[in-house]
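The values are calculated or read from the model by the stated rules, or taken from the named source; none is laboratory data. Quick caveat, the model's predicted, so the values are computed rather than measured. Every residue, glycine among them, receives a Cβ derived from its backbone with ideal geometry; neighbour counts consider all protein chains shown. Note: areas computed on protein heavy atoms with side chains; ligands, DNA, RNA excluded. Shrake-Rupley method; radii C 1.70, N 1.55, O 1.52, S 1.80 Å.
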Amino acid sequence: MKPFAHRTDPLRESIFTTISNRARELGAVNLGQGFPDFDGPQWLVEAARASLGGEGLANQYAHTSGAPALRAAIARQQREDWAAEFDPDSEITVTVGATEALYATLQTLVDAGDEVVVFEPFYDSYVATLQMIGAVPRPVTLRWPSFGFDDGELARAFGPRTKAVMINSPHNPTGKVFSREELERIGALAIRHDCWIVTDEVYEYLTYERSHREFVQWRSQPAIRERCIAISSAGKTFGMTGWKVGWAMAPADVSRRLRLVHQFIPFCAPHPFQHAFAHALERRHEYLEDFRREYRHRRDLLAEGLRALGHAVLPSEGTYFLQVYVEEGTEAFCRRLLERHRVAVLPTAPFYLDAASQGANIVRLCFAKREETLREALRRLGE
Ligand SMILES: Cc1ncc(COP(=O)(O)O)c(C=O)c1O
C-alpha cells in the first residue's frame, strides 16, 4: 500500500488520551485531563432537550455560519461583558468548538512554509494544525516561575515569513493571564511585520486576579482589531465540553474567507446545542458569579492541599489548571503519582517543541473537579 499523507507523520496520540487510558486502567483519580467531572447547569440540559423537540428544525443543518440566535447572543455578550463590537451577520462564525475555529482560521491564513509565532507551552492542537498545513511554528518560551517572555526572543521569532502570532489568554497550561504591557509588545511586532493575530480566549470567564476585559480592550484597538481573529467557545464557561460549540470573531472580509473554509470542514456546528448555548449566554449573569466563585474555591483547595504536602505549586491567575514544579523531572514524578498514589497528572513536555526544555520539570493538574474528587486526590497523595 502507498504511504499515508506525509503531513500526518508528525502527529502523535494526544497526551490526554494516553494518561486517561492509563488512569482508567488503574482506577486513578484523573486530574490530568482538562474537563469537569460534573455536568453544567441542569437548566442548560433542559434547554438542549427543548431544542431537540422544538419546532425550529434544530435537528437539521444549521446555517453554515451559525444559528442567528447564537450569533446575536455572542455579539451581545461581547458588547455587554467586554465592550467589544462584532456584527453578528458578517463578523461571527460558529464552529465545532474552539478547536475547529483554530483549525479553520489557520487554514484560512497560513500556507505551507509560512511561520507562525506560538508561545510555549502551547495548547497541543496549535502545532498539530500547523504541522498538517506544513507551516513552521516559531516558539517563544514562557519561563517559570513568572511565565514572562524575553523581548529579544520574541523579536527574533518574528521575521519576513511570519504570517501570524497566536495568543492564548487565560493560558493553558500555565494559568497565566497576559498583561496589557505584554500584549502591547506582541501587538507592536505583529503590526511591524504586518501579520495576523489569533487569540484563543476559551477561558475568558475563568480569571481570578483581573478581568478578561483588559485583554479585549487591547484587541479592540483599530490597529489590532483589523488583523485579529478572536476565538472562544462555550464548553468551559458552561461546563459542557462535549457539546463542542465555539466561534471565531473577525472583520467581515476575514470572516467571509473563514466561512468558506468552515463550510468545507463540518459545514455547521451541532444545531441543537447552538440553541442551547444561545439560551445559556442570555442567562449567563445569573450563573457566572457562582461559577467563578466555585472555581476559585477549587483552585485554592487544591493549591493549599498540594503546598501542605510539600509540592512547589506555581501561581494560577486563570483557567482551571494549576502547575507544579518538579525537581526530580516529570517522568518519574508522574509515574510515581499514578502507579503508587493512583492520581493522574499531566506532564507538560508535550506542550513544548523541545520536550527537554522547561516542560521536563512542570506538571499540570486540572481542578475542574468535584470537591470530593480533589479531596480524594489529596488524601491519596498524602498516603
Ligand atoms: C487553550 C485551549 N484552546 C482550545 C481548546 C479547545 O476548546 P473546544 O473544546 O471548544 O474545542 C482548549 C480545550 O481544552 C484549550 O484548553
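Assuming a ≥ b ≥ c are the square roots of the Cα gyration tensor eigenvalues, decide whether region 126-212 counts as rounded (a/c under 1.5), prolate (otherwise, with a/b larger than b/c) or oblate.
Values: a/c = 1.71, a/b = 1.39, b/c = 1.23.
Since a/c reaches 1.5 and a/b is larger than b/c, the shape of region 126-212 is classed as prolate.
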Distance in Å, no decimals, from the C-alpha centre of region 2-33 to the one of region 148-214 is 28 Å
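Is the shape of region 216-268 best called rounded, prolate or oblate, per the rule: a/c under 1.5 gives rounded, else a/b larger than b/c gives prolate, else oblate, with a ≥ b ≥ c the square roots of the Cα gyration tensor eigenvalues?
Numbers: a/c = 4.77, a/b = 1.24, b/c = 3.83.
Judged from the Cα gyration tensor, region 216-268 comes out oblate (a/c at least 1.5, b/c at or above a/b).
If you put +1 on each Lys and Arg Cβ and -1 on each Asp and Glu Cβ, how big is the dipole of region 326-383 around its Cα centre, in Debye rounded to 20?
Numbers: 10 positive and 9 negative charges, 58 e Å.
Here region 326-383 has a charge dipole of around 280 debye.
In units of 2.2 N^0.38 Å, what is the alpha-carbon radius of gyration of region 175-330?
Numbers: Rg = 18.3 Å, N = 156, 2.2 N^0.38 = 15.0 Å.
Here the Cα radius of gyration is 1.22 times the empirical estimate.
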The rounded separation in angstrom of the Cα centers of region 251-269 and region 41-71 is 20 Å
Of the candidates Ala73, Ile186, Ile133, the farthest towards the positive dipole end of the chain (Lys/Arg Cβ +1, Asp/Glu Cβ -1, centred on the Cα centre) is Ile133
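Work out the count of Lys pairs in the chain where the Cα-Cα distance is under 27 Å, with the pair 8 or more places apart or on different chains. Display every interim value, and only then the final one.
On the way: Lys163/Lys176; Lys176/Lys236; Lys176/Lys244; Lys176/Lys369; Lys236/Lys244; Lys236/Lys369; Lys244/Lys369.
Number of lysine pairs found: 7.
Rank by packing, highest mean first: peptides 37-47, 169-179, with packing defined as the count of other Cβ atoms within 10 Å averaged across residues.
Values: 37-47: 15.3, 169-179: 24.5.
With the highest mean Cβ count within 10 Å placed first, the list reads 169-179, 37-47.
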For the chain, the accessible surface attributable to carbon and sulfur atoms (probe 1.4 angstrom, ligands and nucleic acids excluded) amounts in percent to 52 percent
Using alpha carbon positions and the Kirkwood radius, the Rg to Rh ratio of the chain is 0.95
The set of residues whose placed amide H lies less than 5 Å from the amide H of Val117, leaving out same-chain residues fewer than 5 positions away, is Arg138, Lys163, Ala164, Val165, Met166
Note on the chain: contact order normalised by length, alpha-carbon pairs under 8 Å, 6 or more apart, percent, works out to 26 percent
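Add -39500 (n - 2.57) for each DSSP H run of 4 or more in the chain, then divide by its residues: what number comes out at 222 nm, to the nearest 500 deg cm²/dmol? Don't skip to the answer; put the middle values down first.
Details: 14 runs with 163 residues, N = 383.
Result for the chain, helices only: -13000 deg cm²/dmol.
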Out of Cys228, Gly159, Gly56 - ranked by how far each Cα lies towards the positive end of the dipole of the chain, with unit charges on the beta-carbon of charged residues - the top one is Gly56
Projecting the Cα atoms of Ser146, Thr93, Ala349 onto the charge dipole of the chain, where Lys and Arg contribute +1 and Asp and Glu -1 at Cβ, the residue farthest towards the positive end is Ala349
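Can you classify region 278-366 as rounded, prolate or oblate using the Cα gyration tensor, where a ≥ b ≥ c are the square roots of its eigenvalues, rounded means a/c under 1.5, and otherwise it's prolate if a/b beats b/c and oblate if not? Walk me through the numbers on the way to the answer.
On the way: a/c = 2.59, a/b = 1.86, b/c = 1.39.
Note, shape of region 278-366 comes out prolate.
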Taking N as the residue count of region 44-160, its alpha carbon Rg divided by 2.2 N^0.38 Å gives 1.41
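Percent relative contact order of region 128-252, based on C-alpha pairs within less than 8 angstrom and at least six residues apart? Don't jump to the answer; show the numbers that get you there.
Numbers: 161 pairs, mean separation 24.4, N = 125.
Computed over region 128-252, the figure is 20 percent.
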For 54-65, 185-196, ranked highest to lowest by mean beta-carbon neighbours within 10 Å, the order is 185-196, 54-65
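Using unit Cβ charges (K, R positive; D, E negative) and no other charged atoms, how large, in debye to the nearest 20, is the dipole of the chain about its Cα centre?
Working: 46 positive and 50 negative charges, 103 e Å.
The calculated dipole for the chain is roughly 500 debye.
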Placing each pseudo-label 7 Å from Cα in the direction of the beta carbon, Val45 and Ala312 end up separated by a distance in nanometres of 4.3 nm
By the mean-Cβ-within-10 Å protection proxy, highest first, 198-204, 158-164 rank as 198-204, 158-164
For region 58-282, the Cα convex hull volume per residue in Å³ comes to 110 Å³
